[in-house]
1. For segment 357-405, what is the largest minus smallest coordinate of the Cα atoms on each principal axis, given in angstrom and ordered from greatest to least?
2. Restricting to DSSP H runs of at least four residues, report the calculated mean residue ellipticity at 222 nm for the chain, -39500 (n - 2.57) per run over all residues, nearest 500 deg cm²/dmol.
3. Which trypsin sites (Lys or Arg not before Pro) in segment 357-466 sit in a loop by DSSP (not H, G, I, E or B) and have at most 13 other Cβ atoms within 10 Å of their own Cβ?
4. Label point 7 Å out from T549 along Cα-to-Cβ: which residues of segment 484-510 have amide N under 20 Å?
5. In Å³ and rounded to a whole number, note down the convex hull volume per residue for the Cα atoms of segment 436-486.
6. Roughly how many percent of the accessible protein surface of the chain is carbon and sulfur, given a 1.4 Å probe and a whole-percent answer?
7. On a C-alpha basis, how far is the centre of segment 286-340 from the centre of segment 149-185 in Å? Whole number, if you could?
8. Given Cα positions, please report Rg to Rh for segment 80-234, the hydrodynamic radius being the Kirkwood one.
Amino acid sequence: MKKLISLSLILMLILTACTGGTTQEPVDNQPGAEEPAEVGDIAEDGKYASEQVYKYAYAEEITTLNYLVNTTWVDMSVSANLVDTLAQYDKYGVLQPALAESWEVSDDGLEWTFHLRKGAKWVDFEGNEVAETTAYDFVSSAKYILTKKNESESANIVYSVIKNAEAYYNEEITDFEQVGVKAVDEYTLVYTLKDPVPYFESMLTYVSFFPVYGPFLEEMGEDFGIANSAILYNGPYLLTEFEPQMQRILTKNNTYWDKDNIFVTELNYKYNKESMALGGELFRRGEVLHAIIPPSNLDEWMNNPELKDKVSPDRLGTYTYFYAFNFDPKFDSEYEPENWKIAVNNSSFRNSIMAAFNRIATMTTEDPYNPEYRIINTITPPNFASQNGLDYTATSDLAALRDTEFFNETDALAFKEKAVEELTQAGAKFPVKILMPYNTNSSYWALEAQVAKQQLETLLGTDYIQIALLPHAPTGFLDGTRRAGNYSLMKCNWGPDYADPQTYTDPFRRGGNYNFPEYTTEVDAEGKNLYDVYEGMVNEAKAELVDLTARYEMFADAEAYLINNAFVIPYNVSGGDGYVASYVLPFERPYAPFGIATVTWKGARLLAEPISMDEFNKFQEEWQAARDDALKSAAK
């Protein structure tokens with residue numbers, strides 16, 4: 001146990017505040033904790049706006065308010081501000097108590113006991129009190145998520161760690177009392193894990209561990225989450241107005257237990273299907289307070305003396321992007337899915353695409369000023385995790401990939417020649433049709449797709465491949481493309497759910513809805529199915545729960561195996577909104593390199609003037625220094 005505690009503390013230094021074998025108490029004396037601001041002092045001598053009402057235009061509507069089921073980023077960005085949970089990250093990425101005032105873990109690392117604060121209220125969308133948030137609400141949530149018919153997308157996160165949860169989900173047991181989620185009383189919640197999980201605390205900030213008021217959930221039945229009146233609220237905001245594809249207004253919840261740290265009183269979102277294209281003009285007219293400046297408009301802003309000081313980069317995000325080959329095509333017959341199945345199950349074919357893909361040229365469509373900055377050669381991004389001072393991406397087999405340039409014209413043509421020979425023998429016909437979707441809401445994705453198509457077809461030849469671009473509307477984009485298997489090659493993204501490299505294996509798990517790699521029929525020189533080999537490597541890494549160095553090395557080898565066999569092509573780490581015009585100082589909002597902390601508004605304030613490039617760099621430098629101190633303090 002001592003070794004587990006020590007390794008957890010190392011993890012805590014890097015990412016979060018783990019407390020193996022200890023009790024987590026409020027940390028008001030740490031750099032990450034702040035004294036609540038005095039009401040009426042919001043402007044702070046002109047630094048902040050006197051009116052704290054955020055206005056924004058959006059094009060992609062949420063699909064549901066049922067946070068127990070859906071895990072899309074758009075949906076979670078709303079839910080994360082409506083419902084509070086046990087713990088939450090502060091602006092430096094240090095885990096702080098929230099609905100749980102304190103907690104402790106047993107010496108064997110299996111039993112986590114949380115002591116809930118009293119008086120945290122559930123209210124309706126008009127702020128009328130309904131009930132108190134209690135430990136029973138976390139049991140109700142877990143039971144709903146683990147009930148298979150509810151089709152929760154976050155069920156696997158819960159049953160991957162909680163005792164007997166997977167057996168209940170698979171209906172091998174029917175008594176929920178056997179599942180490791182217990183309310184000892186109204187204010188004492190116990191999670192029992194099936195194995196020690198050194199990153200369990202970080203998982204608590206995800207929607208899969210959000211509470212729900214059981215009697216209300218039962219009353220709503222299948223209508224839970226279909227409207228703002230069909231959920232209850234215990235978080236910092238109420239969804240007081242919700243008219244799909246018209247507007248959504250989030251109003252400060254004055255019954256929230258930590259209301260003194262909510263400064264933006266209203267989040268006012270207006271639907272505008274042209275918001276991406278019109279955002280800059282809406283900002284100049286004062287109709288929105290944050291706008292993405294598309295690459296196509298960036299020169300106009302940077303070269304205008306009146307506008308250049310209103311542009312700044314956004315903080316780098318936590319999502320990684322990669323191009324995925326689909327092994328279970330479900331697209332229309334005109335794109336020849338059976339022919340695609342033959343091609344995609346050939347390593348030479350996949351490697352020919354990978355070697356021919358000039359990622360830097362393609363990234364220029366999104367970031368013309370510094371495209372190399374965001375290119376990565378791994379699925380897990382650098383600076384996400386490390387052990388003994390070694391970044392995860394420099395670990396084991398991933399180290400060889402980190403500085404590799406995949407784009408190589410000679411290799412691409414050599415792979416093509418080999419693929420043509422092998423695929424011809426396998427019965428494939430040429431050119432192989434490649435269906436590539438993109439989201440029409442993005443200001444650059446269409447151009448990026450055009451560049452990728454032109455570049456790949458030019459190098460490899462249209463006698464070898466023909467790429468068909470598939471524009472898709474933003475609403476329902478994933479349901480219509482990736483999840484439906486309606487693509488051949490597609491840019492996908494993934495954001496981590498907790499503080500461990502395991503989270504970046506989730507898109508490729510058996511039964512997932514990314515690129516369905518378990519359907520590959522390709523075998524290695526020993527006759528072993530490639531996905532079976534990968535899955536075995538991942539399972540071996542998952543089983544190592546004490547020696548985190550060995551665990552990281554095994555996950556790194558598995559990730560390198562996936563990339564070296566060209567199941568995916570790593571692309572870039574997200575750059576937030578890219579370049580923006582904004583009154584929002586991102587460094588005052590909660591931060592974590594994983595989960596949904598960055599979409600919450602707790603602690604955020606609106607500036608009196610838009611942030612400039614120089615101001616952004618200054619604030620970022622100050623924030624980084626303060627974060628380093630906060631993590632060191634939390635690790636003590």
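The values are calculated or read from the model by the stated rules, or taken from the named source; none is laboratory data. Fair warning: this is a prediction, and the values are worked out from it, not measured in the lab. Note: ideal-geometry Cβ built from the backbone for every residue, glycine included; neighbour counts use all protein chains shown. With ligands, DNA and RNA removed, areas are computed over all heavy atoms of the protein, side chains included. Shrake-Rupley method; radii C 1.70, N 1.55, O 1.52, S 1.80 Å.
1. On the principal axes, segment 357-405 reaches 37, 18, 13 Å in Cα extent.
2. -9000 deg cm²/dmol
3. The qualifying sites are K429.
4. Answer for segment 484-510: 500-502.
5. Hull volume over Cα atoms, normalised by residue count, gives 60 Å³.
6. Answer for the chain: carbon and sulfur cover 47 percent of the accessible area.
7. After rounding, the separation between the Cα centres reads 38 Å.
8. Result: Rg/Rh = 0.95.
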